[in-house]
Amino acid sequence: MIRHFEDIWFSIEATVKEHHVDFRAYEIEAQGGGYLYSCSGQPDTFDISKADVYFHGYVKWDGCSNWHIDAQDGCMIHFCGMHNVDQLRDAFKACYKMTEELLPTWDFN
């Protein structure tokens, strides 16, 4: 399942497992007529299956999570201000909210 969070410029793909939810997040480069994503070494793409993953990881039933920031693999992450920091924070929060909604074994208060 993929959800597009236009307000924070991320699309987030969730795959529900028995005791956790796997996530892959993609930074939206442009909106309008679809969602445009970066694609390393290629022109930007509207095809999310070809897009660069910004971060991936999982949230477990107990609220613990583990993350890998793929965007940092080839370089440092660049922010143009606090609003970009907030967008990344809100993308992680969206993953937690999706886990609470999607995972039947969720037991975190």
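Bear in mind these aren't lab numbers, they're just calculated from the coordinates by the rules spelled out. Bear in mind that the values here come from a model prediction, so they are computed numbers and not experimental data. With ideal geometry, Cβ positions are generated from the backbone for all residues, glycine too; neighbour counts draw on all protein chains shown.
Structural remarks
- Each Cα pair under 8 Å and six or more residues apart adds its sequence gap; the mean of these over the residue count of segment 2-102 is a relative contact order of 22 percent.
- Put simply, the amide H of Tyr54, placed in the peptide plane, has neighbours under 5 Å in Ala25, Tyr26, Glu27, leaving out anything fewer than 5 places away on its chain.
- Cleavage-rule hits, GluC sites (Glu not before Pro), segment 7-42, DSSP coil, Cβ neighbours within 10 Å at most 14: Glu18
- Rounded to the nearest whole Hz, the Karplus-based 3J(HN,Hα) values (6.51 cos²θ - 1.76 cosθ + 1.60, θ = phi - 60°) of segment 46-63 follow the sequence 8, 8, 4, 5, 9, 6, 6, 7, 7, 8, 9, x, 8, 10, 8, 4, 9, x, with x at glycine and proline.
- Projecting the Cα atoms of Gly32, Met1, His83 onto the dipole axis of the chain, where Lys and Arg carry +1 and Asp and Glu carry -1 at the beta carbon, places Met1 farthest toward the positive end.
- Degrees between helix 82-102 axis and first principal axis of the chain (Cα, 0 to 90, nearest 10): 40
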